[in-house]
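Let me begin by presenting the structure, written as structure tokens, before commenting on it.
The values are calculated or read from the model by the stated rules, or taken from the named source; none is laboratory data. Small disclaimer: the values here were computed from a predicted structure and weren't measured. Cβ placement follows ideal geometry from the backbone for every residue including glycine, while neighbour counts extend to all protein chains displayed. Calculation scope for accessible area: heavy atoms of the full protein, side chains included, ligands and nucleic acids excluded. Shrake-Rupley method; radii C 1.70, N 1.55, O 1.52, S 1.80 Å.
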Amino acid sequence: MEFRTFVFYFLAAILVVAGLRVITSRNPVHAALYLVLAFFTASGIWMLLQAEFLAIALVLIYVGAVMVLFLFVVMMLDINLDRLREGFWSYLPLGSIIALLMVAEMGLVLGGNYLGLFEVEVPQTSADHSNVQAVGRLLFTDYVYPFELASVILLVGIVAAVALTQRERRQSKAVSPSQQVFVKARDRYRVLQMPAEKKD
């Protein structure tokens, strides 16, 4: 078995296990940590395909968005943050294991590239070729409709998350401009004539 194949199956196994743990874990903090591991592992697979831009975008965008996802989970489930802070050290073993797996994955992918352990199977391109330009051209030509559909789905998800987190309708004072136009001064105040009083 080639080293590239071994690394691929290693990353794929971690990705499948992390994906299953995201949907089966009852603790939202554990689910968020497994989701970070899944995205990080998927970026390692992109690195094997020499798609560095997609790998970096996956880590920067999705792993950064996990924090927003965790925030929505906390807001929707009404989790007591004080209780979570009390059990902070109980999450340290799981977080350490996930961090070590991430370091091992990056060590296998980057170390294999630098040491020449990978067999070059991906066709090489010229030095002036840009992954970003190629992805952008495909994204806005051949895959423009799925791209628009994904943006609509994300918009619906944002609106749904906001609607779910706003449990109570707050009474806000609204001003009607059409009623303000017809307001007259005599309807708002009146002048009272009061006799002057003298102190002895």
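Per residue, the accessible area of the stretch 1-78 comes to 57 Å², computed with a 1.4 Å probe over protein heavy atoms only.
Of the heavy-atom accessible surface of the stretch 1-78 (probe 1.4 angstrom), what whole percent is carbon and sulfur? Whole-percent figure for carbon plus sulfur exposure: 77. Phi-derived couplings, Karplus 6.51 cos²θ - 1.76 cosθ + 1.60 at θ = phi - 60°, listed residue by residue for the stretch 19-28: x, 5, 5, 4, 8, 9, 6, 7, 8, x Hz, with x used for Gly and Pro. Shown here for the stretch 2-47: trypsin sites (Lys or Arg not before Pro) in loop regions (DSSP other than H, G, I, E, B) with at most 12 other Cβ atoms within 10 Å, namely R26.
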